[in-house]
Amino acid sequence: MLADDPFSQIEEKPNYLRILDGGSWKPWLPTILPFIDVAVISADFKAPLATDVADTVEFLKGFGITKVVQTNGEESVRYWWDGVTGSVDVPSVKTVCTLGAGDIFHGAFAWGCAQLWNHTNELNAVQVVEVIRFATAIAAKSVQSFGTRTWLKSLGA
């Protein structure tokens with residue numbers, strides 16, 4: 001490709017996962033969806049004209065996103081991973097404050113993906129279940145105290 005081609009760089013896939021933190025639908029999302037590898041979405045995230053999560057997953061597939069994880073508060077985390085579907089139960093804990101729990105899940109999920117991805121440059125459905133379990137455990141720990149950072153003290157951080 002020509003060096004002065006402004007699109008030459010976006011044609012190459014980077015050697016890392018690009019993960020969407022999809023809390024709710026935003027009208028500008030279609031401009032970035034072609035660059036996303038994994039969509040981590042909340043139960044509130046619904047694609048245009050979607051009536052349920054299956055419609056949203058199909059919509060995302062149209063952009064090439066074949067890896068979707070959906071959180072739903074204290075309900076099981078559902079996943080669609082390269083044709084494999086399933087769910088992972090969320091640990092049952094005494095909830096004090098859910099502020100930031102979704103962001104904490106997302107951060108733990110991204111960190112877990114990065115750890116496995118760096119070793120193999122791939123992430124299969126079995127591995128993603130491990131990552132989801134890790135992320136739900138971290139998020140469950142976070143909701144057991146008030147605020148977004150208080151729980152870190154229990155880790156010695």
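Tell me which residues come under 5 Å, amide H to amide H, from Gly22 once H is placed; ignore anything under 5 positions away on its chain.
Val40, Ile41, Ser42
Tabulate in residue order the Karplus-calculated ³J(HN,Hα) for segment 82-89, using 6.51 cos²θ - 1.76 cosθ + 1.60 with θ = phi - 60°, rounded to whole Hz; enter x for Gly and Pro.
6, x, 9, 10, x, 9, 10, 5
Residue by residue, what Karplus-based ³J(HN,Hα) values in Hz, rounded to whole numbers, does segment 31-48 have, using 6.51, -1.76 and 1.60 with θ = phi - 60° and x for Gly and Pro?
6, 10, 4, x, 9, 8, 9, 10, 10, 9, 10, 8, 5, 7, 7, 9, 5, x
Along the three principal axes, how long is segment 9-132 when you take its alpha carbons, biggest first, rounded to the nearest angstrom?
Its Cα atoms span 48, 39, 26 Å along the three principal axes.
Can you list residues from other chains, or at least 5 along the same chain, whose modelled amide H is less than 5 Å from the amide H of Val90?
So Val90 has HN proximity to Ser76, Val77.
Enter the accessible area per residue of segment 13-96 (Å², integer; probe 1.4 Å; all protein chains in place).
On a per-residue basis, segment 13-96 sits at 56 Å².
Longer than 19 Å from Cα to Cα, which of Lys67/Lys141; Lys26/Lys46; Lys46/Lys94 are they? Say none if no pair is.
Lys67/Lys141; Lys46/Lys94
List the residues, sorted by chain then number, that are 5 or more residues from Leu99 or on another chain and whose placed amide H is less than 5 Å from its amide H.
For Leu99, whose amide H was placed from the backbone, the distant partners under 5 Å are Gly147.
The values are calculated or read from the model by the stated rules, or taken from the named source; none is laboratory data. This one's a predicted model, so the numbers in the text were calculated from it and none came from an experiment. When the accessible area is computed, the model is the full protein with side chains, heavy atoms only, and any ligands, DNA or RNA have been set aside. Shrake-Rupley method; radii C 1.70, N 1.55, O 1.52, S 1.80 Å.
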